[in-house]
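*Asks:* Structure provided below as structure tokens; questions to follow.
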Amino acid sequence: MSSHFLQEASEACFNGCCSSPFSTQSITKKQEEEEDHEFSLITTGASFLTRDIKFTSQESLPSLHTSFYDLITAFPDYLQTSQADHLRTTEYQNLSYSSSHVLLNHTGQQQPLFSYSQSISGSDQSLFTLSRKQVSSGEELLSFATEESRFQTRMRRRITSFMNLEESEYHMILTQDRSSAFKILAELYCFKTCLNLLTVYNYEDEAVEEMIRISEKKGVKPKAAEFSWPSTEIVSEKLKRNIARSKRRRDKRGLFVFPLQSLVTGASYSYSWMSLAHENEWHVLLDTAALSSKDMETLGLSLFRPDFLICSFTEVLGQDDGPGFGCLFVKKSSSQALSEAPEHITNPANLTVVKAEPAWENDENALGESSLDHTDIVEVEEEDDKTIIEFRGLDDADSLGLVLISRRLKSLTLWLVRALTSLKHPGSHQPEMHLVKICGPKTRPKRGPSISFNVFDWQGEKVDPLLVERLAEREKIGLRCAYLQKISRIGKNKKGSDEKQNLSLRVSVVCVRLGFMTNFDDVFRVWGFVSRFLDADFVEKEKWRKKALEKNK
């Protein structure tokens with residue numbers, strides 16, 4: 001089915017709630033009633049999801065057509081986003097339903113530069129090539145960034161424009177990937193004089209962990225924000241104290257690493273944290289990995305310009321193994337912060353940067369006559385003899401715009417959250433027998449297109465998220481296992497009084513993230529897949545198979 005759809009899902013949102021990550025304690029009845037009421041306020045019409053209907057088996061789920069009708073009943077303006085479906089059909093044919101792949105987290109936290117239709121048909125060849133160079137200082141890094149060919153200049157201007165940054169205000173450095181950008185900044189940032197590193201991540205992120213490891217080798221004692229359970233939102237007072245500490249103690253400022261949104265739970269954070277950090281003389285690194293296409297156009301980012309910004313791009317949407325690269329933007333007025341002495345570099349290999357060139361400049365046969373029959377991408381000569389490079393992946397996101405993309409994702413996300421929480425084990429009547437428990441923000445005006453949850457069997461035992469990920473992969477559905485961290489919650493002390501408890505254990509969850517080309521078919525298949533865990537025999541068989549595989553390793 002080709003979905004057709006949305007104008008505006010309300011700025012309010014529904015989200016499930018769950019209890020302690022280490023127990024199967026259920027959502028309270030009061031919380032469920034509040035969620036039902038709030039969801040009914042942001043939807044219209046007689047959606048079956050607003051009528052508290054529970055589904056106890058995969059066979060009891062309504063059909064795709066009936067469920068889609070439910071979506072547009074709840075979010076009637078969704079129909080106005082048919083432009084996105086048209087793009088998916090014409091520019092990203094590889095993502096059609098016949099491919100059997102479910103388009104989730106579709107670019108591995110990256111924005112596509114080129115549409116699939118721009119790829120060279122029948123060829124594994126890349127549309128551009130990357131050359132690498134190792135630098136030794138911040139000065140050499142920025143000098144390398146300013147040496148550009150015509151193609152590189154046009155690429156920089158296009159990406160800078162897409163990121164809603166002023167070309168004259170930022171340097172752009174290409175890196176091998178997102179993690180490489182974090183390594184370069186960690187190596188070159190002046191941690192020897194600015195001794196603080198403060199991160200805001202409610203999940204484990206390897207790139208951020210690498211930055212932390214490098215800073216620790218330089219004598220820094222990193223600090224991190226804490227997050228409440230089960231909303232996974234920032235514990236504000238603690239973070240305020242950590243930000244203000246630098247100024248109060250007259251320490252030199254450090255690096256504040258901020259993502260605006262959780263890539264795993266979808267929790268959104270206020271732009272004002274960047275402002276508060278700047279007021280207290282921190283350098284601010286904005287990590288855009290969790291932001292949706294066009295989110296850089298929001299008002300907050302036009303007001304609070306970060307000192308550093310990291311993003312990443314893939315070449316062609318839909319190519320799982322397609323090449324890509326990371327981008328490190330350095331605000332020119334903050335470039336003096338990249339002044340770490342060479343003797344303090346922990347690993348010179350971390351300072352590897354790249355340059356991009358179109359593949360056809362390196363291979364005169366790359367775009368022969370036969371290739372041009374399949375590709376209208378590459379170069380178009382204008383009257384003034386200036387070559388135009390089309391980055392149609394970015395153009396497609398631009399053509400949809402911020403409002404349409406955000407509303408589309410909001411509707412699909414809210415519908416999927418509610419659909420997942422409608423699954424209940426057969427023969428049960430207690431709240432703890434829900435199949436799925438959401439780990440993330442409660443209903444609030446904003447949330448990202450990521451949903452984290454756990455699946456529980458009919459006995460109330462948590463199903464290993466790694467098993468869920470493996471089974472989803474078998475069905476070509478892009479769910480993944482992730483780990484929440486820095487969680488604190490309110491518990492009872494020996495005297496019976498409330499007391500904050502830090503949970504140092506890793507909390508494993510299943511994560512699903514929607515992208516700007518995700519459609520209703522994709523989220524419906526996720527719902528159908530998760531509903532299979534209502535079958536006790538299916539769950540037990542897969543648990544046994546997992547143990548057998550582990551035993552034979």
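*Asks:* In nanometres, what is the gap between the two model label sites at Ser63 and Cys481, each 7 Å from Cα along Cα-to-Cβ?
*Replies:* Distance between label points: 3.8 nm.
*Asks:* Then there is this: Given labels modelled 7 Å from the Cα in the Cβ direction, how far is it in nm from Ser334 to Glu281?
*Replies:* 1.6 nm
*Asks:* Length gain on complete extension for the stretch Glu550 to Glu204, per 0.36 nm per residue less the alpha carbon to alpha carbon distance?
*Replies:* Between Glu550 and Glu204, full extension yields an extra 122.1 nm.
*Asks:* Sort 406-412, 324-330 by packing, meaning the average of other beta carbons within 10 Å per residue, with the highest value first.
*Replies:* 406-412, 324-330
*Asks:* Continuing with this model, one more query. Carbon-plus-sulfur fraction of the accessible area of the stretch 128-358, 1.4 Å probe, in percent?
*Replies:* The computed percentage sits at 44.
*Asks:* Could you compute the net charge surrounding Leu104? Neighbours are other residues with a C-beta less than 11 Å from the C-beta of Leu104; K and R count +1, D and E count -1.
*Replies:* For residues surrounding Leu104, the net value is +3.
*Asks:* Once the other residues with Cβ under 10 Å from the Cβ of Glu340 are scored (Lys, Arg +1; Asp, Glu -1), what is the net sum?
*Replies:* Computed value for this residue: 0.
*Asks:* Just the number please: accessible area per residue for the stretch 128-358, 1.4 Å probe, all protein chains included, in Å².
*Replies:* 38 Å²
*Asks:* Which order do the peptides 128-134, 259-265 take when ranked by the mean count of other beta-carbon atoms within 10 Å per residue, highest first?
*Replies:* Most protected by this proxy first, the peptides run 259-265, 128-134.
*Asks:* What nm distance separates the two modelled labels at Lys238 and Glu166, each placed 7 Å from Cα along Cα→Cβ?
*Replies:* Between Lys238 and Glu166, the label points sit 3.7 nm apart.
*Asks:* Provide, for the stretch 172-251, the number of lysine pairs with alpha carbons under 12 Å apart, each pair being eight or more places apart or on different chains.
*Replies:* 4
*Asks:* Continuing with the same structure: Going by average Cβ density within 10 Å per residue, which order do the peptides 476-485, 342-351, 173-182 take, highest to lowest?
*Replies:* 173-182, 476-485, 342-351
*Asks:* What FRET efficiency, computed as 1/(1 + (r/R0)^6) with R0 = 56 Å and r the Cβ-Cβ distance, is obtained for Arg157 and Ala341, rounded to the nearest 0.05?
*Replies:* 0.95
*Asks:* Could you give the length gained on full extension between Thr352 and Ser131, defined as 0.36 nm per residue of separation minus the Cα-Cα distance, in nm?
*Replies:* The Thr352-Ser131 span can extend by a further 78.5 nm.
*Asks:* Just the Kirkwood number for the stretch 128-358, please: inverse of mean 1/r across all distinct Cα pairs, in Å, one decimal.
*Replies:* 18.1 Å
The values are calculated or read from the model by the stated rules, or taken from the named source; none is laboratory data. Just so you know, these numbers come straight off a predicted model, no measurement behind them. Ideal geometry is used to build each Cβ from the backbone, glycine not excepted, and the neighbour counts take in all protein chains shown. Ligands, DNA and RNA are excluded from the accessible area calculation, which covers all protein heavy atoms including side chains. Shrake-Rupley method; radii C 1.70, N 1.55, O 1.52, S 1.80 Å.
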